[in-house]
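Single-structure report; data block below.
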Amino acid sequence: MRRIISLAQLRFADYVRPHDVVGWPQGPGEPLALTETLVAQGAELGKPTLFFGLSASDTLRPELTEHFAFRALNGAGTNRRISALADIVPCHVSSIPTLLRTGVLRVDVVLVQLKALPNGGFTVGVISDFTQALIGQARIVIGLINPALPTTYGDARVDEDDIDVLVEANSRIIDMPDPEFSSVERAVAEQVAALIPDRATVQLGVGTLPAAVAGALSNHRDLGVHSGVVSDVLVDLVESGVVTNAHKGSDAGRTVTGGLFGTQRLRDFAERSGAVDMRSADYTHNIAVMAALAKFHTINSAIEIDLSGQVNAEIAGGRYLGAVGGQLDFVRGGVASPGGRSIIAFPSTTPDGKHSRIVASLAGRPVTTPRGDVDVIVTEYGAAHLRGCPFAERARRLVAIAHPGHRESLQRAVQGGVGNAPKVAARTTA
């Protein structure tokens, strides 16, 4: 029988066993009142493990390791301040629902926020990527009633029988406004936009570069959106007539996403328009689904790429700041779509200009996207089309879009052997 209690009555020691794994949805799906109460009661628990994806709150702090272990899917967002203390799970987003359902990724207690639906059941409102799988795997599901959530359906809907404990209302939701982008990122975005035709379907994600790309698409028409997450820029694109979803090939007229990573403006739009389909990662990151989309152009970013085309989107300066995430899922999905492309875009240097993000070798740093999958790389200096290119030619094309101040050193690396097949194979990992 489901219990209904107030937040003041909630004692996690009643539900969390020693060394349990406690998880919650990522980004705006985090039920703040529950996670804050959990960490405040940490001394009463038997050092459980906290399992989480991207964080956008102040909940997780280094000092919490006295009472908790951390297990993270990525080092993004506010996870960056604790990623060195976390056990990172390197896995593709497409695989997470299955890893949870089969118990390979363990979770014992799940915390979610919920809004009652008019015809019964609940919605988790802002997140559907692997929330259903989290709920299905857990021994105990604790739900916080949050009437401020948008009314969304699809894979955001949760059955009443799935909830074991209901905690009375709290109306806070994490806002994730689009960040300001730099002039360099604007220049990168303009190069990206030039590659995208009208009537294409796009995947953007969230962050400075996706926001810049959305702005650079202002003169496009009849685009569609299929993305793991969306931000407030979606509203701009729809209201300006750039996005109509009329020519997607599948899911016509619908924006498909697994997360509303924005502000109240996006949440209101999703509820009011009724044109946003909340789907799980089983769908948003499914290569067969993406292959059915018309001219699917996926846009992702990275920390660096080496001259053979290997992409690192995980580690910078010895710190885990990114993720395996959905990058390779979308790289392969874009290429699988008729007329589609996979674009990986980033400024040519670090913000201080000292370090090139096109490097001779990854030098043991991780390969997030293998060189055999890479399609188009974009910087503010142009686009390097690498798919089907031999080593020497792809090195030449990458040097051409590097920052001019770093091209000479990269060219010396090419002349010294980096970029030809035998020596790259010996020094790097495919």
Q. Does the stretch 197-230 hold any residues that are more than 20 Å from the chain's Cα centre (by Cα), among the aliphatic types (A, V, I, L, M) and either open to solvent by less than 10 Å² (accessible area, probe 1.4 Å) or closer than 19 Å to Val276 by Cα (or both), and which are they?
A. Ala200, Leu217, Leu223
Q. Do we have any residue at all in the stretch 266-278 that's buried (at least 19 other Cβ atoms within 10 Å of the Cβ) and assigned to a loop (DSSP other than H, G, I, E, B)?
A. no
Q. If the Cβ limit is 9 Å and pairs must be 6+ apart or interchain, which residue in the stretch 141-163 that is on the phi > 0 side of the Ramachandran plot pairs with which residue that is polar (S, T, N, Q)?
A. Gly154/Ser128; Gly154/Ser280
**Q.** Scope the stretch 362-384; condition among the small types (Gly, Ala, Ser) and either closer than 19 Å to Leu321 by Cα or surrounded by fewer than 17 Cβ atoms within 10 Å (Cβ to Cβ) (or both); matching residues
**A.** Ala363, Gly364, Gly372, Gly382
Q. From the residues in the stretch 92-121 that are in contact with an Asp or Glu (Cβ under 7 Å, 6 or more places away or on another chain) and either of a type outside the set (Val, Ile, Thr) or in a loop (DSSP other than H, G, I, E, B) (or both), which one is surrounded by the most Cβ atoms within 10 Å (Cβ to Cβ)?
A. Pro97
(Q) Just to check your reading of the model, which residue among Arg387, Arg396, Arg407, Arg412 is surrounded by fewer than 21 Cβ atoms within 10 Å (Cβ to Cβ), part of a loop (DSSP other than H, G, I, E, B) and not polar (S, T, N, Q)? (A) Arg387
Q) Is it the case that some residue within the stretch 165-172 is open to solvent by 10 Å² or more (accessible area, probe 1.4 Å), under 30 Å from Thr59 (Cβ atoms) and hydrophobic (A, V, I, L, M, F, W, C)? A) yes
Q. So Ala294 fits all but one of (1) assigned to a loop (DSSP other than H, G, I, E, B); (2) touching a helix residue (DSSP H, G or I) at 6+ places or on another chain (Cβ under 9 Å); what number is the exception?
A. (2)
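What strands (runs of 3 or more DSSP E) completely inside the stretch 1-66 contain at least 1 residues that are in contact with an Asp or Glu (Cβ under 9 Å, 6 or more places away or on another chain), surrounded by 16 or more Cβ atoms within 10 Å (Cβ to Cβ) and touching a residue at least 12 places away in the same chain (Cβ under 8 Å)?
Passing ranges, in order: 21-23, 49-52.
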Q | Among the residues listed as Ala402, Ala360, Ala392, the single one being of a type in the set (A, V, I, L, M, F, W, C) and within 17 Å of Ala187 (Cα to Cα) | A | Ala402
Q) If you scan the stretch 284-300, which residues turn out to be open to solvent by 50 Å² or more (accessible area, probe 1.4 Å) and either in contact with a strand residue (DSSP E or B) (Cβ under 7 Å, 6 or more places away or on another chain) or not polar (S, T, N, Q) (or both)? A) Ile287, Ala288, Ala292, Lys295
Q. Which condition does Ala76 not pass, out of (1) under 23 Å from the mean Cα position of the chain (by Cα); (2) in contact (Cβ under 8 Å) with a residue 40 or more places away in the chain; (3) surrounded by fewer than 20 Cβ atoms within 10 Å (Cβ to Cβ), if it passes all the others?
A. (3)
Q) Taking the stretch 254-274, which residues are within 20 Å of Gly334 (Cα to Cα) and more than 19 Å from the chain's Cα centre (by Cα)? A) Arg254
Q: Starting from residues that are touching a helix residue (DSSP H, G or I) at 6+ places or on another chain (Cβ under 8 Å) and surrounded by fewer than 19 Cβ atoms within 10 Å (Cβ to Cβ), keep the ones in the stretch 79-91 and report whichever is nearest to Asp20 (Cα to Cα).
A: Leu85
Q: Check the stretch 358-365 and report whether any residue there is touching a residue at least 24 places away in the same chain (Cβ under 8 Å), of a type outside the set (Ser, Thr, Tyr), part of a strand (DSSP E or B) and touching a helix residue (DSSP H, G or I) at 6+ places or on another chain (Cβ under 6 Å).
A: yes
Q: Answer yes if at least one residue in the stretch 139-155 is touching a strand residue (DSSP E or B) at 6+ places or on another chain (Cβ under 9 Å), more than 27 Å from Leu266 (Cα to Cα), aliphatic (A, V, I, L, M) and part of a loop (DSSP other than H, G, I, E, B), and no otherwise.
A: no
**Q.** Hits in the stretch 308-350 - residues which are part of a strand (DSSP E or B), open to solvent by 10 Å² or more (accessible area, probe 1.4 Å) and in contact (Cβ under 8 Å) with a residue 60 or more places away in the chain
**A.** Arg319, Tyr320, Arg341
Q.
Checking the structure you have, find out if any residue of the stretch 231-241 is among the acidic types (Asp, Glu) and surrounded by 21 or more Cβ atoms within 10 Å (Cβ to Cβ).
A. yes
Q) Could you list, in sequence order, the residues of the stretch 297-317 that are within 28 Å of Lys248 (Cα to Cα) and either among the aliphatic types (A, V, I, L, M) or modelled with pLDDT under 95 (or both)? A) Ile299, Ala302
(Q) Looking at Thr255, Thr244, can you tell me which residue is open to solvent by 30 Å² or more (accessible area, probe 1.4 Å) and not small (Gly, Ala, Ser)? (A) Thr244
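The values are calculated or read from the model by the stated rules, or taken from the named source; none is laboratory data. Since the structure is predicted, the reported quantities are computational estimates derived from the model, not experimental observations. No Cβ is skipped: glycine too gets one built from the backbone with ideal geometry, and neighbour counts run over all protein chains shown. SASA here: full protein model, heavy atoms, side chains in, ligands and nucleic acids out. Shrake-Rupley method; radii C 1.70, N 1.55, O 1.52, S 1.80 Å.
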